[in-house]
Structures are given as structure tokens and as C-alpha cells.
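Nothing in this text is a laboratory measurement; each read-out follows from the coordinates by a stated rule. These numbers come from a predicted model, not from an experiment. As a convention, Cβ positions derive from the backbone with ideal geometry for all residues, glycine included, and neighbour counts pool all protein chains shown.
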Amino acid sequence: MRVLEAIEARGGPASLSEVAAASGMPANKAHRYLVSLGRAGFVVQDRLNGVYDLGPAARRLGVEALRRNDEVSIASARVMALRDETGHTINLSVWSESGPTIVRWDTGRHALSITFRVGSVLPLLESSVGRVFLAYLPRAQTRAVLAQQQRKQETGGMPAAEVTAIAEQVSQAGFAYTTAALVPGLAALAAPVLAVDRELLMVVGLALPARLARERTLARLTDELTTAVDEISASLGQIPERTFRASGDHLPAPGGRL
């Protein structure tokens, strides 16, 4: 466990010597543990530079722990109802050290050309869910993740002023809307579940084929989505001060740019 904690605390891939030093053991002993953890899927080693990082089993364990969080469990019932009401795919995401992480995915009636699943980390700029996290979390909390995603080319390299403009726009609207920014032919909406002090608890996303994203449809879906997140907040004991309700004339700019 000290070996895993050493990699987790690193915040990214770590060399054998770094893992050994952080876990307080000789390198040969740390290496034996890393080999065993690798066989179990909790650690992976980069073939090119030899560094170690958390593996798929560790990610599954972390996501399952997040899923069992009481707040997520309470929200899940309303999320399923929203899927049934709209007929569209719904997802529920929370913030992790890697960024916006999907902890629930309920597929709708319409097929989507998308490969995201529970445990997937969404890009901050191209996804509507990511934009909500950018808008409602403190900049100090998102800055490092955004820089890491941009460095790995997992999200766009927008100037800081444009990122700020997107965050402010989403905050003012109370939801985010993107189309063809993440996946061609996909439109997506997302809205925050807020505490009474506007602390962000989680984000609910809705995905639909872009061909169905007509103005009247988007306005209706946005209203259903924001109503659902308000009800989730109320069931968690919070009363968010949401005053905005969507109309076709006030949908945020959808694409990868404002």
C-alpha cells in the first residue's frame, strides 16, 4: 500500500528510485512490489521510459469508491429518471485528481458514436461536463489538471483569457452546451449540482445526436436537466439559488470556441 500511495502522491508517473524513496524501502524491494502490483493491474509501467503509474485496477477501485459515495447514490435515482424522461444518454461525474471522472453512465434510446464509460476522465475544454467544472470549481483546483491535459494533448490549447471567458459564460448561464467539440455528431448539455454556498458537488451531463439538437429541443432538454439537478440538490439537503431557465435565445455558444 505504501508503494501505491507513493505513486498516487506523485501526481503522475514515477521512476523506481522515486517510488522507493517515497515508500521508504530499498529499490530492489520496491521493484518486487511493483512487479506484483503490475500483475494484478494496479500498476502499469511505460515501456519507453520505464516509469510507473496507477493501472486500470486502481482506477476501477477509485471509481467504485466514488460511486458508493452517499451523494452519488442519492443522485443516481434521479439521473435514471432523467434518462427515461428524455430518452437521451445521461452521465454523472465527480471531480478527481485526474479531472472530471464519470461515475455513472445510463445509455438512452439513441445510438451515440462515443466510447466513454464509467471511470473515463473527460477533457475540461471540449466537454460540457468539463466546462461546468471549470466554471464552478476554484481556479487553483483546476489549473494543474488543465495544464496536464493540455500537455498530454487531451484537451485544447486555448489562451487563458478564452478559458476564463468560457468559465464565466457557463457560470452566468447555469449550464454548458457543446456540439461536435468532443465527438463529431454529438451534442451535449451539462449542469451542476450545487450546495447552498454554491459549492460544486457533481455534474450531470446529457448527450444526444447533434442532428436532434434543434433550438426548441435544446431549450426543453436544458429545462429538464436543470430541474433535475435542482431536485438532486434538494434531496441532498441543499437549496441552490438557480434563477436561470433556458430559452432558445440564451443557449451558450456550443462549439470548441466561444
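Quick rundown of the values:
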| quantity | calculated |
| --- | --- |
| 16 Å cut-off, amide nitrogen to a point 7 angstrom out along K152 Cα→Cβ, residues in the range 1-32 | 7-15 |
| Label of the coordinate-derived value, P(r) over Cα pairs in 10 Å bins from 0, in percent, listed as [x] 6, 22, 20, 20, 18, 11, 3, 0; [y] 7, 29, 32, 19, 10, 2, 0; [z] 7, 34, 39, 19, 1 | [y] |
| The chain, relative contact order [Cα under 8 Å, separation at least 6], % | 15 |
| Simple Cβ-charge dipole of the range 64-250, Lys/Arg +1 and Asp/Glu -1, about Cα centre, in debye nearest 20 | 460 |
| Other-chain or far-sequence residues with amide H under 5 Å of S120's (modelled H) | I102 |
| Cα extents of the range 2-54 along the three principal axes, largest first (Å) | 24, 21, 17 |
| 0 to 90° range, to nearest 10: angle between helix 27-39 axis and the chain longest Cα axis | 50 |
| For the range 2-54, size of Cβ-based charge dipole, Lys and Arg +1, Asp and Glu -1, in debye | 220 |
| Degrees, to the nearest 10: 139-151 long Cα axis against longest axis of the chain | 70 |
| Taking the range 2-54 and dividing mean pair separation by its residue count, relative contact order in percent (alpha carbons under 8 Å, at least six apart) | 40 |
| Least to most buried among E71, E5 (fewest other Cβ within 10 Å first) | E5, E71 |
| Helix-derived mean residue ellipticity, 222 nm - over the chain, DSSP H n ≥ 4, -39500 (n - 2.57), to 500 | -14000 deg cm²/dmol |
| Cα pair count fraction exceeding 13 Å, expressed as % - the range 115-167 | 57 |
